[in-house]
Amino acid sequence: MSAAITVILVKIELPNDATNGGHLRLWHLLNGEGLCAHVMSGEPAVGLHGLNWPRSHFVPDLGHLTDIGRLESNASWISRNRRAVAGIRASLVQLVNELQSNGPIVVLASGHAVALALLAGGWDRFVFEIPDSMGLNYRRRLHALGLIGPLKALNSCWLSSRFGRLEAYIARRAPMTLVSSPQDASFIRRRSYGSVVQDVGNGTDWLSFEAHVVRPEPGNTLVFFGGMQWEPNRLTALYLARELMPALRRICPSAELRLIGGPRIPQLQSCDGKHGVRVVGFVDDLPPAVRGCDVFVMPMFAGSGVKNKLAEAMAIGMPVVTNSLGAEALPEPVRDGMLVCDGHKATVHCIADLLVRAEERTILGQRAREVARQFFDWQAIRHQFITSLSATSAVLEVGSSAQQ
């Protein structure tokens, strides 16, 4: 297929927030040679936060779609949203007809509600895009029972079942489903009877930033960063502050932990100043704040997909300590660029040993940066993405009818 593909991204919110990992992923995948991206969203293109989409189309009906309830059937949700569904279809048909003379078109439905709305409107030639499977994500929360409590665990069971069934329903009907990790792809594929589910990994633009320099003396500063509104990040931050740091300080009394990222959560704020914990919150320039620490720590207890923050830390040569869940979506060579520890005691002692061994931190950081260049380069990932789009039956060729 020689002509550039026009991609119509259909998403409830305009993906223009550079601090949002999902928005940043879409921006990197869709902007550049070989693709011409148009965005249909339920938000007008105002108040940009760093990601510019020059061809954006405001469709108010997208903003009117309601959340999908955990106990709500697809039919009930569609009934509640029938006006918005009709309006979205009409807007999409109009845009496709306007753009068809430009070459082949792929509709990229981002998110569960958008995909369900398109199917309800009779439009099934689209690629279903979700960076992470919510069915798998909520199942993973059960591993953090001690941190979330029994009521949230029960809610997670319901949500895992609901979204697992919904993802399978959409995947069976869409020509292709796109996720960011093999684990998410396998989870959906097993429930959707052999449907086409592709994983296209995450990259990072931190490869162009200055590398971390290991100090020759023993280190003492750990760092974890991420959006604390996302529960998997919040669970990790709470574990580090409440459980890991008190144990680590018994071995390394000068050890400190910096928690970077907002918003400020009361649970985390209560840990500030205790056991060497400093809740930093938002920072104006994140890479230097991370580079100024000694070790990036990221034991995960929930979530799925490739963790952006892990790729970013490795890209600037930070020594990284995570657990099996944090590393599971990564190819084996990438895992060679970090330390993977499971269990509370093993993690504490692993970090303690790493802090006092500057030479080991240097070797680990150099290896991390090397593998990041090989596996987290956006250009290579984008090539994989375009190849996947070109091969899908969701492509609308020139002259085909938008009226499905």
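The values are calculated or read from the model by the stated rules, or taken from the named source; none is laboratory data. Here the structure is a predicted model, which is why all the values come from computation and not from measurement. Note: ideal-geometry Cβ built from the backbone for every residue, glycine included; neighbour counts use all protein chains shown.
Residues are listed down the side, and each one gets a yes or a no for (1) in a helix (DSSP H, G or I); (2) in contact (Cβ under 8 Å) with a residue 24 or more places away in the chain:
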| residue | (1), (2) |
| --- | --- |
| A185 | yes, no |
| R189 | yes, no |
| R234 | yes, yes |
| R242 | yes, yes |
| L259 | no, yes |
| V280 | no, no |
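With respect to the conditions (1) within 21 Å of the chain's Cα centre (by Cα); (2) among the aliphatic types (A, V, I, L, M); (3) farther than 14 Å from K11 by Cα; (4) modelled with pLDDT of 90 or more, A109 lacks only one, and its number is (3). Out of the stretch 271-285, which residues are touching a strand residue (DSSP E or B) at 6+ places or on another chain (Cβ under 9 Å) and either in the same structural domain as G149 (by TED's automatic domain parsing) or closer than 26 Å to A352 by Cβ (or both)? Answer for the stretch 271-285, where residues must be touching a strand residue (DSSP E or B) at 6+ places or on another chain (Cβ under 9 Å) and either in the same structural domain as G149 (by TED's automatic domain parsing) or closer than 26 Å to A352 by Cβ (or both): C271, D272, G273, H275, G276, V277, R278, V279, V280. Among the residues examined, S195 does not qualify as free of Cβ contacts under 8 Å to residues at least 12 places away in the same chain and over 16 Å from the mean Cα position of the chain (by Cα). The condition of being free of Cβ contacts under 8 Å to residues at least 60 places away in the same chain and farther than 30 Å from P287 by Cβ holds for only one of Y138, Y169, that being Y138. Take the conditions (1) more than 20 Å from the chain's Cα centre (by Cα); (2) of a type in the set (A, V, I, L, M); (3) in a helix (DSSP H, G or I); (4) buried (at least 21 other Cβ atoms within 10 Å of the Cβ); V114 misses just one of them, which is (1). For the stretch 93-111, the candidate set comprises residues that are in contact (Cβ under 8 Å) with a residue 60 or more places away in the chain and in a helix (DSSP H, G or I); within that set, the residue that is farthest from D132 (Cα to Cα) is S101. When R55 is tested against the conditions (1) surrounded by fewer than 17 Cβ atoms within 10 Å (Cβ to Cβ); (2) at pLDDT below 90, the lone failure is (2).
Counted as qualifying within the stretch 286-404 are no helices (runs of 4 or more DSSP H), as none has 3 or more residues that are touching a strand residue (DSSP E or B) at 6+ places or on another chain (Cβ under 9 Å), at pLDDT below 95 and hydroxyl-bearing (S, T, Y). Just so you know, in the stretch 198-232 the residues that are touching a residue at least 12 places away in the same chain (Cβ under 8 Å) and hydroxyl-bearing (S, T, Y) include one that is surrounded by the most Cβ atoms within 10 Å (Cβ to Cβ), and it is T204.
For L119, the conditions (1) part of a helix (DSSP H, G or I); (2) in contact with a Leu (Cβ under 8 Å, 6 or more places away or on another chain) all hold with the exception of (2).
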